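Participant: Sharing a structure here in structure tokens format.
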Amino acid sequence: MGRLVVVSNRVPAARDRQQPAGGLAVALRDALSEGQCLWFGWSGQQIPEEDKAEREVSIDKVDNVTYATIDLTHSEFDGFYQKYSNGILWPLCHYRAGLMSYTRADREVYLDVNQLFAEKLLPLLQPGDLIWIHDYHLFPLGQALRDLGVTSPIGFFLHIPFPPWSLMKALPGAERLMRNMHAYDVIGLQTEDDARNMNDGFSVCGVEARAQVFPIGIDPESFAEQARDGLEHAEVLRLQESLRGKPFIIGVDRLDYSKGLPERFKGYEAFLKRYPEHKGKVVYLQITPVSRGQVEEYRLLKEELDEAAGRINGMYGDFDWTPIRYLTKPVPRELLAGFYRLADAALVTPLRDGMNLVAKEYVAAQDGKDPGVLILSHFAGAAPEMEDALLVNPHDADEIADALHKALTMAQSERCDRWNRLQPDVWRVTAGSWARDFIGMLAAKVKRA
Ligand code: GDG
């Protein structure tokens, strides 16, 4: 099999290259462990406009993986990453066209940065490479590479949802985006719904391309091991002591409007109101590290959540009880695994999500003899694989409230039954199987003439 070339907006920072800490690096760990690999993308650094002409790709080789990165100028970062990728494509793909603020100028910057990626990657490519491009930042990159004469197989995986064409066409230039997808030999999406939506778009636009389903997973063995070892960490023990045997609910989400956090807080409030027997007894820890803090929508969301947590704690709390423990700093991964293990229930209630790995991590972290209960939104990509969770509509606060009550009063035998039915898929559809399936499909593509 040829050399694997991964292209993504962000490339792991130098400090995370020896031991990947999360995200794509963990998902690709197996795939990157064999043969020579190249990983190309943005360095995470911004440079002044005047340094643009002299910028060069910087190369760092760690074992068999070569990391090749380029810097972006402030205006490229702003137009390509903040405005077009995160201010237009992200909301639209999460069915929130109303949040999208489109300008033609941002689209130009997005296309220019994709062109820049193609031009900087081109000299690094070798015959026989398999090129795997990731996510919405880089939709047009495949076509840009083809235009430069690249004939290697190129695959594209979209980590986030793809909306129905009737919604997608709200994007000016949507048809061109679809036509450019023709450049890819393999197009992967998370769920049947997403693949159907994209394929409908292809039919409407007359594009001969086909999206297929490659659901992503986690590395359940190592996550379960981290969770088992969790109690060796002083911080996990400190959390356990602070609970004093009280029922414990956990939520873990990047701060993002797709994750349904204000709706979740409303659900928790409805739970306290309608099931007052839990007041003073239950502990809910919401871990929400701030992301994309420079984008206006995210700043507003943070204010809304800060306000809601403060209000709920003021209204329902007592001198010896805080209804929501709300953190906006990240928690180290090994502690997170231990925290999940302690939790009697997890709230995973996105309004829309490509997959949602937290749902899978929570299941992997449980002790099968006395497992906690997963409360999961119908609108997470993980929902079709996880029907033995308590599935809820995140827009219905009372449904979240009922699910919380049900989870915290559920008999151990039912918790075990549900977990025993959830566990096999979490172990079967993993990060490793996802990457293997995708790369296998890509390798099977005959070289274009
Ligand atoms: C995109 C798609 C798709 C969160 N807080 C902390 C922390 N996390 C970790 C979780 C989990 C990861 O971040 C989040 O993954 P998700 O899948 O839930 O969501 P996105 O970041 O939106 O990812 C998504 C995914 O791509 C993969 O294709 O599933 O649908 O939106 O691993 O544990 N990790 C640590 N501290 C935190 O505070 N260490």
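FYI, it's all coordinate maths here, none of it is from the lab. Remember, it's a predicted structure, so these values are computed and weren't measured experimentally. Because the Cβ atoms are built from the backbone with ideal geometry, glycine has one as well, and the counts that use them run over all protein chains shown.
Participant: Quick one: check the C-alpha center-to-center distance for the stretch 366-406 versus the stretch 153-194, whole angstrom.
Facilitator: Between the Cα centres of the stretch 366-406 and the stretch 153-194 lies a distance of 29 Å.
Participant: About the Cα centre, and with charges only on the beta carbon of Lys, Arg (+1) and Asp, Glu (-1), how big is the dipole of the stretch 220-428? Nearest 20 debye, please.
Facilitator: In total the dipole reaches around 260 debye.
Participant: While we're here: Over the stretch 275-389, what is the relative contact order in whole percent, taking alpha-carbon pairs under 8 Å and six or more residues apart?
Facilitator: Relative CO of the stretch 275-389 lands at 24 percent.
Participant: Give the relative contact order (percent, whole number) for the stretch 220-428; include only Cα pairs under 8 Å separated by 6+ residues.
Facilitator: Across the stretch 220-428, relative contact order equals 28 percent.
Participant: To the nearest whole percent, what portion of all C-alpha pairs in the stretch 220-428 is separated by more than 32 angstrom?
Facilitator: That tail contains 9 percent of the Cα-Cα pairs.
Participant: Here's a follow-up. Spin-label point model (7 Å from Cα, Cβ direction): what's the ASN393 to THR151 distance in nm?
Facilitator: 5.5 nm
Participant: Which pairs break 28 Å Cα to Cα here: LYS83/LYS259; LYS329/LYS360; LYS52/LYS259; LYS120/LYS259; LYS61/LYS259?
Facilitator: LYS52/LYS259; LYS120/LYS259; LYS61/LYS259
Participant: Here is a follow-up. FRET efficiency for SER33 and ALA53, Cβ-Cβ distance as r, R0 = 35 Å, nearest 0.05?
Facilitator: It comes out at approximately 0.40.
Participant: Which lysines have a Cα less than 18 Å from the Cα of LYS406, not counting those fewer than 8 places away in the same chain?
Facilitator: LYS246, LYS266, LYS273, LYS279, LYS281
Participant: Once you have the alpha carbon radius of gyration of the chain, what is it after dividing by 2.2 N^0.38 Å, with N set to its residue count?
Facilitator: Here the Cα radius of gyration is 1.00 times the empirical estimate.
Participant: Using a 10 angstrom Cβ neighbour count of at most 15 plus a DSSP loop assignment to flag exposed GluC sites (Glu not before Pro), which longest range of the chain is free of such sites?
Facilitator: 209-386
Participant: Based only on other Cβ atoms within 10 Å, what is the fewest-to-most ordering of LEU145, LEU32, LEU231?
Facilitator: Lowest count first: LEU231, LEU32, LEU145.
Participant: A further question follows. Defining a contact as two alpha carbons under 8 Å apart and six or more residues distant in sequence, what relative contact order in percent does the chain show?
Facilitator: 16 percent
Participant: Suppose only helical runs count, i.e. DSSP H with n ≥ 4. What mean residue ellipticity at 222 nm does that imply for the chain under -39500 (n - 2.57) per run, divided by all residues and rounded to the nearest 500 deg cm²/dmol?
Facilitator: Calculated mean residue ellipticity at 222 nm is -12000 deg cm²/dmol.
Participant: When the dipole is taken about the Cα centre of the chain, and only Lys, Arg (+1) and Asp, Glu (-1) are charged at their Cβ, what size is it in debye, to the nearest 20?
Facilitator: Here the size comes out at about 280 debye.
Participant: Let me ask something else about it. Quote the FRET efficiency, to the nearest 0.05, computed for GLU241 versus VAL290 with a Förster distance R0 of 30 Å and r equal to the Cβ-Cβ distance.
Facilitator: 0.60
Participant: Could I ask something else about it? Rounded to the nearest 20 Debye, what is the dipole magnitude of the stretch 305-412 about its Cα centre when Lys and Arg each give +1 and Asp and Glu each give -1 at the C-beta?
Facilitator: 340 debye
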